[in-house]
Each structure stands twice: as C-alpha cells, then as structure tokens.
Amino acid sequence: MLFKKYNLLIVLIYGTTFGQYISTDETQTPLHLIENVLINSGCASVSNVSVSGGNFASGEKSYGYFNANGSTFPFADGIILSTGKIINAQGPNDFISDDGGGMGWIGDSDLDQALGLNNTFNATILEFDFIPIGTQISFDYIFSSEQYLTNPNPNQCTFTDGFAFLLKESSSLNYTNLAVIPNTTIPVKVNTVRGSGTICPAENEQYFDAFNSTEYPTNFNGQTKVLTAQSVVIPGRTYHIKLVIADEGNFRYDSAIFLKGSSFSFGVDLGPDRTFANNNAVCPTENLSLNGTSAGAISYQWNFNSNPISGETNATLNFIPPYTSAQNGSYSLTTVYSPTCTTTTGAINLDFAPQLVTNQTTYTYCDSDAIQDGISTITLSDIVPTLFTNLPATYQVRFYSSPTSVTALPNSFILTSAFQQIIYAKIDNSNCYALIPVTININAFTAIIADVTVGICSNIPINLTADSGFQSYTWTTGETTQSIQVATSGTYAVTIENADGCTKVKTFSVLGSEIATITNIIVNDLNDNASIEISAAGSGDYEYSIDGSNFQTSPIFTNLSGLIYTAYVRDKKGCGTISQEFYLMQIPKFFTPNGDGYNDYWNLKGVYPMSSNASSLISIFDRFGKLMKQISASGVGWNGIYNEKIMPADDYWFVIELKDGRTAKGHFALKR
C-alpha cells in the first residue's frame, strides 16, 4: 500500500484521525440497493437486478452501500461502484488505492463500445430492468478517482478510467450513455473533466469539484461536482440500465461512482432550460406553457424554487406576459400517482427576458484624426451602456452595417459614410428583439490651426493670441481667454473649441532671446581673398550682415575688397541689432611715383590709426636684397627714392611685421 499524504508514525503515536469520513457496507443485496437506496419510492417497478465485480480472496466487494457518516460528503448515502475494494474508498485520503491486480478481473465490452476503448479491466457492473411511469428518468452521481493527481508527470495527463450509465429499451440492441458532460455527448472521464493548477490541461472545469488534501471524506485524489444523468423514456415500456465502471489500461489508480440515494426519479420532460446562459430566455411577448401531463396521475402541484405555487395544481403551467425578473428561477412538478407513489420532475430553469427600453439612439462625435473629413473611428462598446436603460448583464450587443448583414462590425469601427451613418444594434445571444437603428453623427473642425514659434526678449512679457472666431479657449496655464501674457520661455498650448464642441490644440513655442554682444571680429586680410568671421555671444538666434541690409545665418564673409566695414548682428526674434566697425588692410600690387598726386607712395592700406598696428614696421628691398627703405604702417609710405636717387621701374620686396604678431612677405611693382 502506497502512502500519499499521511505520516504513519504520527498515526501510530497518537492513534487518532482528524475528520469525519464516509463509511461503507458490503452486506446489502443488489435488489435492496436498487429498490431501497437508489430509488426508495413506491413508484418503481424493478426486475432482473444483477451485480458483478471483483472476486477478492479476502471477501471484500467492489460495490455496496455508503453513508456520509456525518462528513462533508455531498450525498447523505447511496450506492458506490468501484474498480477496487470499496472499503478502501473510506477517508482519509492517505494512500493510493489500486486494487485488483493479477486476479483475472476483466473489463466490459459494452463500456468499451460506448467509450471507444478496447483495454478495460476491473469492471464493476450493476444492472436492472425498470418500467417508467413518466416520460423522464434522472439520478445524481459523483465520479471520483485516484488519477486526479495534483503533481502528475506529463504522461499521466492521459490516464483515465472509464464509466458509463447505459440505457436501452429491453428489446433494443443499442445503448445510450447517460454519463456525459451536460448538453454534449462527451463522456465524463478524468481527462474530460479536470480542474486547473497542474501541468495537465483543464477540461470542462466548471464541472470539476476539487483536488483533495489528506483530510477528505473519501480516499480519492479528486472528484467531479454533483452531476445528473437523465433521459427521455416512454411510460409503460420496459428499459434496461447498466451502470458500469472499469480501469483503463491496467489495474492501477482506482476510481469510483457514487450514486445518490433516493435520486433515481421518474417524471415528465418539461423541455430544455430557457435561460440567459443558454441564449434562449423566454421572450417578453411570448406565451409559454409547461405541460406535465402524465398517464395515471391523480394530482399535480407546480413548484417555484422548490416551494409550491399557490393554486397551480393542473397538469400545465401557463406563463402570460408581461414578465418580471422575479419570475426567473427553477420550476418543477410534483405528481402523485398513488398513495405510495409521488414523484417530482427534475426542474426546468426559466429566465424571462425583459422588454428592453431604449434610452439613446443618436450619438455625436468629433472627427478624431488629422484629416477632418467626417470619417472617424469610434468605439462601439462605448455606446452600449447608454443604448438601453435595462439591459441584462448577460446580453451581448453587437452592431451591423445593415439590417441584413451577418458580419458584426469591429469594436473599433471606422465610418464608411462621411459625417453621418446609421448602424444597427442587435442582441446577439437572444432572438427576442428587433434590430435597433443607431445614428452616428461626426462633426469636424475644418479650420486650419497652425503651431507657432515666438521669441521673448530678456523675459520682457509678450502676448500669445490664439486664432479668433471660436467658441472657447482653454490654456495649459488654466486661463480661458483668447490671449494670454507670458514672461518666460517654454511651451504653451491652448485647446480651441468650435461651435460643434470639437477641439484642436495650438502650441506656442516661446524661445528666450536677447540682443547679441560682438565678442570678436576675426580678420583674414593681407592676401588676395580677404575674409572676416564675426563672433557673437548671447542666448538668441542670430543673423549677420556687413552692410546693414543683407543678413545671413553664417558669420563668415569672403572676397572682401573694401577697407572700412561695419559688422551687424541681429536677433531673429526681434530683440535688437548690434554693430561694430572694423578695418581691412590691403597690400597694393604697384605704385606710380610720377608726381601726379595719384598713387605716388606705396604703403599698407586700411590701417586703423588708433590700433596697435599703426606703429608696425615695413621693410622694402630691391631684387638683390638691398634695403631700400623702412616705413611706418601709419606713415605716408615710400616714394620710390633711395639716397635721393630715383629708383628704376622694377619689382621690389617687402617684409611686414605687424604689432598683433602677423607677418607678410611679398613684392610689388614700381612703375614709371
């Protein structure tokens, strides 16, 4: 015996348990189990009861009676069918029960056929004939198994034992399996009903109860919730039912079926549930009649949520609109056939759909994209909360482009008609309601609103003015006037609203600025391509000129031929212009000392009289390197005479050494 969650040493020391567990009884006969436990009423006509199961050498059985024994098990008592010894089904859940190995205990061919298997073992079978008095039979059960492992290996996810509740008319060869997941034909098994929380995938989790800890009333690892097996039958005919459970693949990991005592009932089929969940609630203008007529009945009593409905003692129960939500619930019928035979038909659940009241069917939006053409995107789910005043929470509202369209519009819907479009709201999970036309209006803000950039000079306040002619203005500063005054740089935005309530945002980028300071004028002269570069300091955005009229963004000016210039630096934001005069020095290429008063002397041109370069020394040499003259840069210059002799026309050389450190060498021509 494999222990799972229980410490044997603790049991030996303390000799106690920690909860209440079910008890089992193997002494009751099969007929007693069917007539007095499962059916337990005077309505049954049962025959041909038989049972088979494990032939254990120690005498234990794989079927019998169980009692909740004061525990929390959902059924007070009933029948248990197991793939192992039922005595091992008693709690606590402290070891793996896997009885029946090596004893030739075979499976069942009818079970194999019903579940599509071919390898079952250890089958326990309880079967009997019965004659129904109503049009429907039903009984409640729980499927429990050791194969509901909380920490399985991946290959154990496919492990499953099989069971079936097989029903047929006695003269028929074909069974129908009643042990299926509600509203499907899927058999209930470990791998079709399983909860989440393990590496095995959850399946039909709404029908799974729990993985069990040690302290549980049974010795199984998990179980389903209470399920109901039911079928339509024909009163007065003989039926055969076969309740069978077996291991699949091998004898390991036992499973069991618990059949609730007194739950095998006869009644009439009142039809399928009409509920919001099933998308078939009773419509607000629909007349509904439940017919419980049963041959041989002597009285009827209709019940609502298990309580008798006063005055409703006919075979039919009629519902006439208008309805209210107070009528939603479970309806059942108690039928008396004789003093010893009273049945209560399994309940039918009814929900009554309300008469929907429309609240708003016209919606107006502003065009939300950059192109203000009346084509915009809206979120359809935003409409639903205000479309009706009394929409049930379970209803699904979808929208369609036309009354005949079968393709729902996406929740993020782009209109296909400019400025106005009609779409249609439909309750998709109910056929009770007509389409609701919904009008979508789109307003546009067609005026062009441009962002601007402005300068502010040394924090001197300026006015920011939004475009005129609109309904309202809301600035990020909190002000609501068309114009505001600001004294600091930054980004300011105003939301402009037009007469239709649509908005655009205008952004003002306010850049701080100031008048410039000329820090230097870098002069590159004494060559054939004179140029200058103006250096300016300040927080503004500046442009430059040397004539006061033509400004450029570059501070560099080239190909200058003049001698006296003025440098201008202007702030682009209008904070002012500053200027400074500068001089360019030029080296003449020749001179003509002929006494005509023009060009009679050779010297530098453009030497600023007040500058340090005014006292610079210039040396003049003939072609043989003989010093002809030394002159001052600010003097009149050389007249072409050396030692009172007129020098001939020729090339002469110069060396200029300026006080600012610059030097120049070259030659010039003396022309006669």
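The values are calculated or read from the model by the stated rules, or taken from the named source; none is laboratory data. Owing to the predicted nature of the structure, the values given are computational and were not obtained by experimental measurement. Glycine gets a Cβ as well: all are built from the backbone with ideal geometry, and neighbour counts include every protein chain shown. Accessible surface is based on the protein model in full, side chains and every heavy atom, while ligands, DNA and RNA are left aside. Shrake-Rupley method; radii C 1.70, N 1.55, O 1.52, S 1.80 Å.
Annotations
- In the range 364-405, the residues that are touching a residue at least 60 places away in the same chain (Cβ under 8 Å), over 23 Å from Ala281 (Cβ atoms) and crowded, with 17+ Cβ neighbours inside 10 Å: Tyr365, Cys366, Asp367, Gln372, Gly374, Ile375, Ser376, Ile378
- Note on the range 514-532: residues that are within 21 Å of Ile587 (Cβ to Cβ), out of contact with any Phe, Trp or Tyr (no Cβ under 7 Å at 6 or more places or on another chain), at pLDDT 90 or above and not aliphatic (A, V, I, L, M) total 0.
- Residue within the range 118-130 that is out of contact with any strand residue (DSSP E or B) (no Cβ under 9 Å at 6 or more places or on another chain) and in a loop (DSSP other than H, G, I, E, B) present: yes
- Any hit, the range 344-354, residues being in contact with a helix residue (DSSP H, G or I) (Cβ under 9 Å, 6 or more places away or on another chain), open to solvent by 50 Å² or more (accessible area, probe 1.4 Å) and part of a strand (DSSP E or B): no
- Filter pass, Thr214 being in contact with an Asp or Glu (Cβ under 9 Å, 6 or more places away or on another chain) and not aliphatic (A, V, I, L, M): yes
- Qualifying position, being basic (Lys, Arg), under 18 Å from Ile532 (Cα atoms) and out of contact with any Pro (no Cβ under 6 Å at 6 or more places or on another chain), among Arg623, Arg672, Arg570: Arg570
- Residue satisfying all of: in the range 153-210; without any contact (Cβ under 8 Å) to a residue 60 or more places away in the chain and of a type in the set (D, E, K, R); farthest from Asn119 (Cα to Cα) among these: Glu205
- Scanning the range 478-491 for residues that are open to solvent by 70 Å² or more (accessible area, probe 1.4 Å) and either of a type in the set (S, T, N, Q) or assigned to a strand (DSSP E or B) (or both) turns up Thr480, Thr481, Gln485, Thr488, Thr491.
- Wholly enclosed strands (runs of 3 or more DSSP E) of the range 1-74 bearing at least 2 residues modelled with pLDDT of 75 or more, more than 49 Å from the chain's Cα centre (by Cα) and closer than 15 Å to Phe258 by Cβ: 23-25, 63-67
- If you go through the range 497-523 and keep only what is touching an Asp or Glu at 6+ places or on another chain (Cβ under 8 Å) and not in a loop (DSSP other than H, G, I, E, B), you end up with Thr503, Lys506, Thr507, Phe508, Ser509, Leu511, Ser513, Ile521, Ile522.
- Selection of the range 118-130 for residues being open to solvent by less than 30 Å² (accessible area, probe 1.4 Å) and modelled with pLDDT under 90 yields only Thr120.
- Checking Lys629, Lys665 one by one, the residue that is within 24 Å of Ile522 (Cα to Cα), touching a strand residue (DSSP E or B) at 6+ places or on another chain (Cβ under 9 Å), among the charged types (D, E, K, R) and not in a loop (DSSP other than H, G, I, E, B) is Lys665 and no other.
- Scanning the range 272-305 for residues that are closer than 13 Å to Asn349 by Cβ, at pLDDT below 90 and either open to solvent by 60 Å² or more (accessible area, probe 1.4 Å) or in a strand (DSSP E or B) (or both) yields Pro272, Ala277, Asn278.
- Pairs meeting the criteria (first residue in the range 221-243 and touching a residue at least 12 places away in the same chain (Cβ under 8 Å), second residue part of a loop (DSSP other than H, G, I, E, B) and among the basic types (Lys, Arg), beta carbons under 8 Å, at least 6 apart or on different chains) are Asn221/Lys4.
- Positions within the range 537-562 being part of a strand (DSSP E or B), within 20 Å of Met585 (Cβ to Cβ) and open to solvent by less than 70 Å² (accessible area, probe 1.4 Å), in sequence order: Phe557, Leu560
- Residue, nearest to Met585 (Cα to Cα), within the range 597-649, restricted to residues that are aromatic (Phe, Trp, Tyr) and touching a residue at least 12 places away in the same chain (Cβ under 8 Å): Tyr608
- Number of the exception - Phe419 against (1) at negative phi; (2) open to solvent by 80 Å² or more (accessible area, probe 1.4 Å): (1)
- Here Phe165 fulfils each of the conditions (1) open to solvent by less than 40 Å² (accessible area, probe 1.4 Å); (2) closer than 25 Å to Glu35 by Cβ; (3) modelled with pLDDT under 95; (4) of a type in the set (A, V, I, L, M, F, W, C) apart from (3).
- Scanning the range 627-648 for residues that are among the basic types (Lys, Arg) and exposed (fewer than 11 other Cβ atoms within 10 Å of the Cβ) yields a single hit, Lys645.
- From Ile534, Ile578, residue being of a type in the set (Val, Ile, Thr), under 30 Å from Lys665 (Cβ atoms) and in a strand (DSSP E or B): Ile534
- Condition check for Val494: over 29 Å from Arg662 (Cβ atoms), at pLDDT 90 or above and assigned to a strand (DSSP E or B): yes
- Of everything in the range 168-205 that is acidic (Asp, Glu) and surrounded by 13 or more Cβ atoms within 10 Å (Cβ to Cβ), the residue that is farthest from Gln136 (Cα to Cα) is Glu203.
- Looking across the range 306-318 at every residue that is in a strand (DSSP E or B) and in contact with a strand residue (DSSP E or B) (Cβ under 9 Å, 6 or more places away or on another chain), the one that is least open to solvent (accessible area, probe 1.4 Å) is identified as Leu317.
- Segments classed as strands (runs of 3 or more DSSP E), wholly inside the range 384-471, with at least 3 members that are within 30 Å of Phe508 (Cα to Cα): 452-457, 462-465
- Among (1) in contact (Cβ under 8 Å) with a residue 40 or more places away in the chain; (2) of a type outside the set (A, V, I, L, M, F, W, C); (3) not in a loop (DSSP other than H, G, I, E, B) - the single one Tyr565 does not satisfy: (1)
- Search result, residues across the range 232-271 that are assigned to a strand (DSSP E or B) and surrounded by fewer than 17 Cβ atoms within 10 Å (Cβ to Cβ): Val232
- Some residue of the range 89-109 being at pLDDT 90 or above, within 50 Å of the chain's Cα centre (by Cα) and closer than 17 Å to Leu259 by Cα: yes
Let's see how each residue does on (1) more than 49 Å from the chain's Cα centre (by Cα); (2) over 30 Å from Thr389 (Cβ atoms):
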site: Gly292; (1), (2): no, yes
site: Ala295; (1), (2): yes, yes
site: Tyr300; (1), (2): yes, yes
site: Thr342; (1), (2): yes, yes
site: Asn349; (1), (2): no, no
